[in-house]
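One structure below.
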Amino acid sequence: MHVGFIGLGNMGAQLARRVGADHTLRVFDQSQTAVDEFAEAGVQVAASAAELAESVDIVLTCLPTSQDLRSLLFREQQMALALQTGTMLIDMTTGDPGITQELATKLS
């Protein structure tokens, strides 16, 4: 199974490492330092969130806020346009449940 992980901060990096132990992992983050650490460990790095979304079966996100997730999906990164039919999106963002539901409805 090919898993993509977006959000390699304090929490996300640890979660991504655990996922990568059992699955083919591809990562994306806006922090080049965070991405470089994963690249040095042999993890595939995507050039953009959209590129990652096109190439995996599951996308895991771990972002600071619901607004960051909204931006990733529908604004700057436009990742929602790149998600393939059947790709599972699992959000672990520390966010507002109402906004999460709104975004899920918009994605469906």
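Details
- Look at (1) modelled with pLDDT under 95; (2) open to solvent by less than 30 Å² (accessible area, probe 1.4 Å) and you find that D22 fails only one, number (2).
- Checking T33 against (1) farther than 19 Å from T105 by Cβ; (2) touching a helix residue (DSSP H, G or I) at 6+ places or on another chain (Cβ under 9 Å); (3) of a type in the set (S, T, N, Q), the condition it does not meet: (2)
- Flag if L60 is touching a residue at least 12 places away in the same chain (Cβ under 8 Å), surrounded by 16 or more Cβ atoms within 10 Å (Cβ to Cβ) and out of contact with any Phe, Trp or Tyr (no Cβ under 9 Å at 6 or more places or on another chain): no
- In the stretch 77-108, residue surrounded by the most Cβ atoms within 10 Å (Cβ to Cβ) [restricted to those that are among the charged types (D, E, K, R) and over 23 Å from L15 (Cβ atoms)]: E102
- Residues that are at pLDDT 90 or above, in contact with a helix residue (DSSP H, G or I) (Cβ under 9 Å, 6 or more places away or on another chain) and farther than 15 Å from F5 by Cα within the stretch 85-96 comprise just one, D96.
- From the options L69, L89, residue that is touching a Ser or Thr at 6+ places or on another chain (Cβ under 6 Å) and either within 21 Å of T100 (Cβ to Cβ) or among the aromatic types (F, W, Y) (or both): L69
- Residue match in the stretch 26-43 (condition: among the hydrophobic types (A, V, I, L, M, F, W, C) and open to solvent by 40 Å² or more (accessible area, probe 1.4 Å)): yes
The values are calculated or read from the model by the stated rules, or taken from the named source; none is laboratory data. Predicted model, so just to flag it, every value in this text is computed and none were measured. A quick note on method: Cβ atoms are made from the backbone with ideal geometry, for glycine too, and the neighbour counts reach across all protein chains shown. Note: accessible area is taken over every heavy atom of the protein model, side chains too, but ligands, DNA and RNA are not part of it. Shrake-Rupley method; radii C 1.70, N 1.55, O 1.52, S 1.80 Å.
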